[in-house]
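What follows is a single structure, written as structure tokens, with notes after it.
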Ligand code: FCX
């Protein structure tokens, strides 16, 4: 896709110039000290990597290439008559740094549609698993099995010059983003429906074609899925799925292997799997309400029970954010427009008001506010996609946009293999107490 490649290359030259200048003139500059609590606390807050596509601010949330979520919902191209941003337009923005025109959006949409294909052996690899296998395991298998298609792996073997790596990485990434909806829809149809697959529809946008392959045709659900796939796409470089994709990619593993690893990280309950836990928690609350309006007392009781049993309240808290997640607010705005009479929405809204107070009382939760996962499940449930075990797959399909854009940029900027230094407790003890 020459127009896209040229735009990335052009921005890449400017960024490489800046990076070279910084390297030459400020090589030894400190980005901050590393404290013991950070080394034993999941490396929180250590500035140790570069991510160009998005940035997460604790106070106002994620920005995609410096644009806030609420600004992009209005600026990125939509389908005709639609309101929600097209995820393929976001892909263009993350890759090039520019908001695409409607023509450019159409161009990338058609490009993805033309690349959407999955080899037979990938289907066979998924079908070899019991249909009861967790959908995220099936997704990791499917994406990893696609590795046979990697143009980067072939060109690398043939001796490609390192300044050119990013081009086949981009090529593989577009192929994978185009094809992952076919893999994901196959998993859904075999695990939760009749096993019959529905082919992609190249006349539709990326999200709508995916939603149709899942077996849904409601235009409002198409809009929700555009919003969902837009909101979950990227969350800067340090989160588990993005960081894993980046780390594995830094060894020059191709995009299929890197993304497969990132998706395995997304499958953890403290990361992407939280959305399925969240819906279960809300449905449990609904059962206990027995048709009564959600009272603060009952929500507080269930929340306390969850805490007392040593579990976290899913959908609340964040490692970086210190405010209500703007992605939660975007989904709330959608719900207020389309679902305001839904019982589940009323419950989620009541939790939004009650749970932060309970978490604050624990005295240890740094961010008591809801995150993206607190809302997404009930929206999907409303349109009939009730299978909570599948939710993280949707998250994963969306995350390919961000993680793979990051991967393209990591190779374009020539970042080396990642290798932070670890130390032993003995070393810590000796160096900290011997002084
Ligand atoms: N319920 C109960 N306890 C919570 C909590 C919650 N929602 N959030 C944080 N805490 C607890 C932590 O478990 C920790 O307890 P500990 O000291 O006994 O180990 C303490 O509060 C301090 O944690 P904190 O620094 O605030 O949060 P972390 O950076 O360690 O963890 C996550 C961040 C997101 C993992 C945490 O808030 C959590 O488990 N939330 C619930 C799961 C969830 O919603 N995950 C999705 C997050 C996100 F959107 C994504 O990555 O996809």
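The values are calculated or read from the model by the stated rules, or taken from the named source; none is laboratory data. None of the values given here were measured: they were computed from a predicted structure. Note that each Cβ is placed from the backbone with ideal geometry, even for glycine, and that neighbours are counted across all protein chains shown.
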Inset, instruction - Run residue 125 past the list (1) touching a residue at least 60 places away in the same chain (Cβ under 8 Å); (2) in a helix (DSSP H, G or I) and report the number of the one that doesn't hold. - result: (1)
Inset, instruction - State which residue pairs qualify: first residue touching a residue at least 40 places away in the same chain (Cβ under 8 Å) and inside segment 188-207, second residue in a loop (DSSP other than H, G, I, E, B) and surrounded by fewer than 16 Cβ atoms within 10 Å (Cβ to Cβ) in any location, beta carbons under 7 Å apart, and separation of 6 or more residues or different chains. - result: 190/131; 191/131
Inset, instruction - Please state which of the following conditions residue 311 fails to meet, knowing it meets all the rest: (1) surrounded by fewer than 17 Cβ atoms within 10 Å (Cβ to Cβ); (2) within 24 Å of the chain's Cα centre (by Cα); (3) touching a residue at least 24 places away in the same chain (Cβ under 8 Å). - result: (3)
Legend entry - Any pair with Cβ under 7 angstrom, 6 or more apart, that starts in segment 25-39 at a residue that is without any contact (Cβ under 8 Å) to a residue 40 or more places away in the chain and ends at one that is surrounded by 10 or more Cβ atoms within 10 Å (Cβ to Cβ): 31/47; 32/47; 34/46; 38/44; 38/45; 38/46
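Quick grid of which residues meet (1) more than 8 Å from the ligand (Cβ to nearest atom); (2) crowded, with 21+ Cβ neighbours inside 10 Å; (3) without any contact (Cβ under 8 Å) to a residue 60 or more places away in the chain; (4) under 22 Å from residue 220 (Cβ atoms):
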site: 337; (1), (2), (3), (4): yes, no, yes, yes
site: 341; (1), (2), (3), (4): yes, no, yes, yes
site: 346; (1), (2), (3), (4): yes, no, yes, yes
site: 349; (1), (2), (3), (4): yes, no, yes, yes
site: 364; (1), (2), (3), (4): no, no, yes, no
site: 373; (1), (2), (3), (4): no, yes, no, yes
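Here is a check on your reading of the model: is residue 402 farther than 21 Å from residue 332 by Cα and either under 12 Å from the mean Cα position of the chain (by Cα) or without any contact (Cβ under 8 Å) to a residue 40 or more places away in the chain (or both)? Please lay out each step first, then the result.
Numbers: farther than 21 Å from residue 332 by Cα: yes; either under 12 Å from the mean Cα position of the chain (by Cα) or without any contact (Cβ under 8 Å) to a residue 40 or more places away in the chain (or both): yes.
Judged against the criteria, residue 402 is a match.
Determine which member of the set 129, 91 is crowded, with 19+ Cβ neighbours inside 10 Å and touching a helix residue (DSSP H, G or I) at 6+ places or on another chain (Cβ under 7 Å).
Working: 129 fails: crowded, with 19+ Cβ neighbours inside 10 Å.
Exactly one residue qualifies, and that residue is 91.
For segment 373-380, indicate whether the set of residues that are over 17 Å from the mean Cα position of the chain (by Cα) and not in a helix (DSSP H, G or I) is non-empty.
Start the filter on segment 373-380 by keeping residues that are over 17 Å from the mean Cα position of the chain (by Cα), which leaves 378-379.
Then drop every residue that is not not in a helix (DSSP H, G or I), which leaves none.
No, segment 373-380 contains no residue that is over 17 Å from the mean Cα position of the chain (by Cα) and not in a helix (DSSP H, G or I).
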Legend entry - Condition broken by residue 356, with the remaining ones in (1) at pLDDT 95 or above; (2) within 19 Å of residue 277 (Cβ to Cβ); (3) out of contact with any helix residue (DSSP H, G or I) (no Cβ under 9 Å at 6 or more places or on another chain); (4) more than 11 Å from the ligand (Cβ to nearest atom) satisfied: (4)
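Quick check on my filter: what residues within segment 50-103 are in a loop (DSSP other than H, G, I, E, B) and touching a strand residue (DSSP E or B) at 6+ places or on another chain (Cβ under 8 Å)? Before you say what the answer is, go through the steps one by one.
At the first step, the residues of segment 50-103 found to be in a loop (DSSP other than H, G, I, E, B) are 50-53, 58-60, 65-66, 76-86, 97-101.
Scanning segment 50-103 gives 53, 60, 65, 66, 99.
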Legend entry - Residue count, segment 405-427 (criterion: without any contact (Cβ under 8 Å) to a residue 40 or more places away in the chain and closer than 30 Å to residue 9 by Cβ): 1
Inset, instruction - Would you check if there is a residue in segment 47-60 being more than 30 Å from residue 421 (Cα to Cα) and either at pLDDT below 95 or surrounded by 10 or more Cβ atoms within 10 Å (Cβ to Cβ) (or both)? - result: yes
